Amino acid sequence: AKNEDDPSSCVQEERRLRLADSRLYPERCLAPSHIIAPHSLVVIFESFDSLSFAYATPGQVFSNRNGHFAHNDFIGKPYGCKIRSRSSGGLGYVYLLRPTPELWSRSLPHRTQIIHELDAAVIVCQLNLRPNCVVCESGTGSGSMSHSILRTIAPHGKLHTFEFNRGRVEAARKEFEKNGVSHLVDVHWRDVCGKKDGMFDDAGDAAAAAPAASTAGDDTSPDQTRIEKGGFGLGHAKAHAIFLDLPEPWLAVPHAAHTIVPGGRIGSYSPCIEQSQKLVAAIGKYGFHSARTVEVRLREHFVDEIEM
């Protein structure tokens, strides 16, 4: 039996796993900053279970139950500082935090159900993501999982995220741009399962037909009015990992098998075991192996004094 307390066995295990040496990647997803600059994203800590966000814009005001907070008071202050309100005699206060994927997930506007930090950490680990990987994600949703992936694949990786809803595509593009990570991600208006080929977006024909600005690398041109056909559209063996957050992920497996590199990993996030069973059956037909189903639970421990 392997002795896990033996340092030499730990070194051998690390070599077997081919872990990335973080010292080789000194660059970051975002330039390190300790001072809040104009238009910077700020996570506003109101209480333990209440977080909001704002882009520090001169002349704007953030208001909550604690009072009114001028953005001008944010600018030039260090992240982590405490700001008092300009109303109620300054009794109300908030903390200004530097954004991370975990804090962003707790404060972002929910367009869909999101993947929270505990599940996101397990997904990133199981997909074996590392700096400079190319990753495909189907089901952009609110962009919570996207930000966790972007942090991991920086500084020169690329995330191709796919969403069938036109409104969510445009909202995600704007958020990535404002959050300073658009250089790492391409947002595609596409249904990888192929169920909506040639159809207008379900947000309505008028909304789908409206021209939209495109970003470099996106497959959505300014005059695109119809959703792209099924599949990822990237070519053969282009992605190191593929993540599916879909109601019917097994429909995307044939396309994933074409897009993923040999030895790459595919993962899916499903709320019920029936979906997992269908997915496992599908991936076995297309050359994938070593399937694992993992359920992650958070258990809190409280320590208190009692009298016997």
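The values are calculated or read from the model by the stated rules, or taken from the named source; none is laboratory data. None of these values were measured; they are calculated from a predicted model. Cβ coordinates were reconstructed from backbone atoms using ideal geometry, including for glycine residues, and neighbour counts include every protein chain displayed. SASA here: full protein model, heavy atoms, side chains in, ligands and nucleic acids out. Shrake-Rupley method; radii C 1.70, N 1.55, O 1.52, S 1.80 Å.
So here's what we get for this one:
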item	result
Ser268 vs. criteria at pLDDT 95 or above and touching a Ser or Thr at 6+ places or on another chain (Cβ under 9 Å)	yes
Flag if Arg265 is open to solvent by 90 Å² or more (accessible area, probe 1.4 Å), touching a strand residue (DSSP E or B) at 6+ places or on another chain (Cβ under 7 Å) and touching a residue at least 40 places away in the same chain (Cβ under 8 Å)	yes
Any hit, region 185-202, residues being open to solvent by 50 Å² or more (accessible area, probe 1.4 Å) and at pLDDT 90 or above	no
Options Leu97, Leu91, Leu118; residue that is out of contact with any Lys or Arg (no Cβ under 6 Å at 6 or more places or on another chain) and touching a residue at least 60 places away in the same chain (Cβ under 8 Å)	Leu118
So Leu159, is it on the phi < 0 side of the Ramachandran plot, at pLDDT below 95, not in a loop (DSSP other than H, G, I, E, B) and not basic (Lys, Arg)	no
Output for region 239-254, where each listed residue is open to solvent by 30 Å² or more (accessible area, probe 1.4 Å), in contact with a Cys (Cβ under 8 Å, 6 or more places away or on another chain) and of a type outside the set (Asp, Glu)	His240, Leu251
Filter result for Pro131 (closer than 30 Å to His255 by Cβ, touching a Pro at 6+ places or on another chain (Cβ under 7 Å), surrounded by 15 or more Cβ atoms within 10 Å (Cβ to Cβ) and not aromatic (Phe, Trp, Tyr))	yes
Hey, Leu96 modelled with pLDDT of 95 or more, out of contact with any Asp or Glu (no Cβ under 9 Å at 6 or more places or on another chain), under 30 Å from Asp73 (Cα atoms) and not small (Gly, Ala, Ser) or not	yes
Extreme residue, nearest to Phe53 (Cα to Cα), among residues of region 68-101 that are crowded, with 18+ Cβ neighbours inside 10 Å and of a type outside the set (A, V, I, L, M, F, W, C)	Pro99
Unique match (being acidic (Asp, Glu) and open to solvent by 50 Å² or more (accessible area, probe 1.4 Å)) among Glu117, Glu46	Glu117
Condition check for Val253: modelled with pLDDT of 95 or more and more than 17 Å from Thr140 (Cα to Cα)	yes
Conditions (1) at pLDDT below 95; (2) crowded, with 21+ Cβ neighbours inside 10 Å; (3) aromatic (Phe, Trp, Tyr); (4) more than 23 Å from Gly235 (Cα to Cα): number failed by Phe164	(4)
